[in-house]
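Asker: Starting off with a structure, shown below.
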Amino acid sequence: MTARLLAAPSDTHPQLGVEWDDSPCPLCGNRDEEPQFEAADPTPADDRPGLKFLVVKCRSCGLTYTNPRPSADDIARFYPSNYKPHRRPRKLEQARPRTHPLEKLLGRPCSERRGVLPWPGVGRLLDFGCGGGSFLKRMADQGWDVVGLDAAVGAVRTVQEDLGLKAMVGSLPHPDLRPCSFEVITMWHSLEHVHDPVGVLREAYQLLIPGGRLVIACPNIDSWAFRRFGTDWFGLDLPRHLTHFTPVTLSLAVQSAGLRVMSVRTIRHSDWLRSSAKLATAGPRADWTDKVLTWKPAAKLAAWVVYTAGGSDCLLAVAERPR
């Protein structure tokens, strides 16, 4: 259906040729939603200037999500051609370095945890939302039999041609993937981008072997950074982020797909704090603390303090398909 456009210049750009999807709750399916806030697209384009998007919260299950949203057919129009996760990796990391003893106290950044998988040895791995393929390359170098999956044709071509690895265009379910094909499936900041996150998780259940593991990283809207920066929080990224998880709602989504939640925890991401602070300093309500947090050492210290309190703005979940 065509939903109302929540852009400031809606009179001059009433539709922009985009089909808008007025969605029920992606988790429980109810239509009992409560508006939370509106926020602008942080990377507007000339053909969609000034657009703002509404974020709502389901009164039934507590899930927060973007609604209305661009349809599944039109969401690609909101991904810039230079969208960072789709770029060719400039520097491909090799095997993960040894863990520093202080990392147990300070917590490693989210990106460094990508080299740690809850599986003994190596096996078959599907990276859902593989982007430019840096993680796939690292795991292939460690002996994993890897497959990438991404909706961006250019990103998949990069993986295939530049890295020489197997990758496919599309989402889940995918006709070329068979049940019980993988020991591990990873979703690094991809689940929040899909229109049907529970459907994707259910398909992941089918693709995993009994006892196989699913690893998910996504933004945490129940974080200090969101409470501090509000609509300037880097983790919103509207409208590309369609679902805004908390530890509770991410666990509910995973469980609704039949998977057993093994752990859900927050991990620090100081670069996100700096990016949020930079967005805030560009606005009319900026203060001196925003400017301080654009300084890398200050952001790292703040990220550590928030991490120790359990309020970091990145979630890491591990789940298992029951045996």
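The values are calculated or read from the model by the stated rules, or taken from the named source; none is laboratory data. Just so it is clear, the structure is predicted and the values come from calculations on it, not from any experiment. Note that each Cβ is placed from the backbone with ideal geometry, even for glycine, and that neighbours are counted across all protein chains shown.
Asker: Got at least one residue in segment 283-297 being small (G, A, S), assigned by TED's automatic domain parsing to the domain that holds N220 and closer than 18 Å to W233 by Cα? If you could, list the steps in order and put the result at the bottom.
Answerer: The first filter runs over segment 283-297 and keeps only residues small (G, A, S), leaving 283, 286.
Applying the additional criterion that residues be assigned by TED's automatic domain parsing to the domain that holds N220 yields 283, 286.
Within this subset, residues satisfying the condition of being closer than 18 Å to W233 by Cα are 283, 286.
Yes, segment 283-297 has at least one match.
Asker: Would you please name the residue that is surrounded by the fewest Cβ atoms within 10 Å (Cβ to Cβ), looking only at residues in segment 266-291 that are under 14 Å from W224 (Cα atoms) and basic (K, R)?
Answerer: R274
Asker: Looking at (1) on the phi < 0 side of the Ramachandran plot; (2) touching a Phe, Trp or Tyr at 6+ places or on another chain (Cβ under 7 Å); (3) not hydroxyl-bearing (S, T, Y), which is the only condition D232 fails?
Answerer: (2)
Asker: Now for a different question. Search segment 1-55 for residues being small (G, A, S) and modelled with pLDDT of 75 or more, and hand back the single one that is farthest from R77 (Cα to Cα).
Answerer: Of segment 1-55, the ones small (G, A, S) are 3, 7-8, 10, 17, 23, 29, 39-40, 45, 50.
With modelled with pLDDT of 75 or more added as a condition, the list becomes 17, 23, 29, 39-40.
Working: G17: 10, S23: 19, G29: 26, A39: 18, A40: 16 Å.
In this case the residue turns out to be G29.
Asker: On to the next question. Answer yes if at least one residue in segment 223-246 is at pLDDT 95 or above, in contact with a Cys (Cβ under 7 Å, 6 or more places away or on another chain) and β-branched (V, I, T), and no otherwise.
Answerer: Looking for residues that are at pLDDT 95 or above, in contact with a Cys (Cβ under 7 Å, 6 or more places away or on another chain) and β-branched (V, I, T), one finds none in segment 223-246, hence no.
Asker: Turning to a different aspect of this structure: I'd like the residue in segment 292-323 that is basic (K, R) and out of contact with any Phe, Trp or Tyr (no Cβ under 8 Å at 6 or more places or on another chain) and, out of all such residues, is surrounded by the most Cβ atoms within 10 Å (Cβ to Cβ).
Answerer: Let us first name the residues in segment 292-323 that are basic (K, R), namely 296, 300, 321, 323.
With out of contact with any Phe, Trp or Tyr (no Cβ under 8 Å at 6 or more places or on another chain) added as a condition, the list becomes 296, 300, 323.
Numbers: K296: 12, K300: 17, R323: 8.
Of everything passing the filter in segment 292-323, K300 is surrounded by the most Cβ atoms within 10 Å (Cβ to Cβ).
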